[in-house]
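The values are calculated or read from the model by the stated rules, or taken from the named source; none is laboratory data. Since the structure is predicted, the reported quantities are computational estimates derived from the model, not experimental observations. Here Cβ is always computed from backbone atoms with ideal geometry, including for glycine, and neighbour counts include all displayed protein chains. Surface accessibility is based on the protein's heavy atoms, side chains included, excluding ligands, DNA and RNA. Shrake-Rupley method; radii C 1.70, N 1.55, O 1.52, S 1.80 Å.
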Amino acid sequence: MNFDQTDLMSDFNILVIEDDKILNQQLTELLTLKGYQVEQCFDGETGLLRASSNQHHLILLDVMLPERDGFSLLKVLRKSCQTPVIMVTAKDAEQERIQGFSQGADDYVAKPFSTAELLLRIEAMLRRSHQQVTESSKQQLTVDGLTLNITNQLVFV
């Protein structure tokens, strides 16, 4: 199945967890203009509750948040949810990137960042995660010459 981003962007829901109200609004406007559905959160506790709902296709997660930092949020989230997460932080320290990846982040972007690069990272992440979902929901499976057609409940050799 091919990934046609123009048809599918409106089907993707992105959660932005960022306490900087101006940056949060800029990200929301950028993503909305690109056709994504966006939900905003401004602190870690609310972000964790919203992220745990599994209603999002991708999460943009700031590291330094009030009430719960991004690392602890991600650690808790990964126990029950595998939604792709791109960490966003003002710090570009290697140790922070390592900590983010070890907690389960899928990508990492340091502020200030290029919006074009961020959009490309988001599109790539959604393309990969969408392909995994569509491939797992195919109606036909072929292994070593044996074909199972789930829709018609047929087996072919």
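Accessible surface ranking for Lys21, Lys111, 1.4 angstrom probe, highest first: Lys21, Lys111. Approximating the spin labels as points 7 Å out from Cα along Cα→Cβ, the Glu45-to-Asp20 distance works out to 2.5 nm. Taken along the Cα-to-beta-carbon direction at a fixed 7 Å, the label points for Lys79 and Gln37 span 2.8 nm. Here Met64 sits with roughly 110 square angstrom of accessible surface, probe radius 1.4 Å. Diffusion of the stretch 1-132 by Stokes-Einstein, at 20 °C in a medium of 1.002 mPa s and with Rh set to the Kirkwood radius over alpha-carbon pairs, works out to 146 µm²/s.
Here the gap between Leu119 and Thr147, fully extended at 0.36 nm per residue and compared with their Cα-Cα distance, gives a gain of 6.2 nm.
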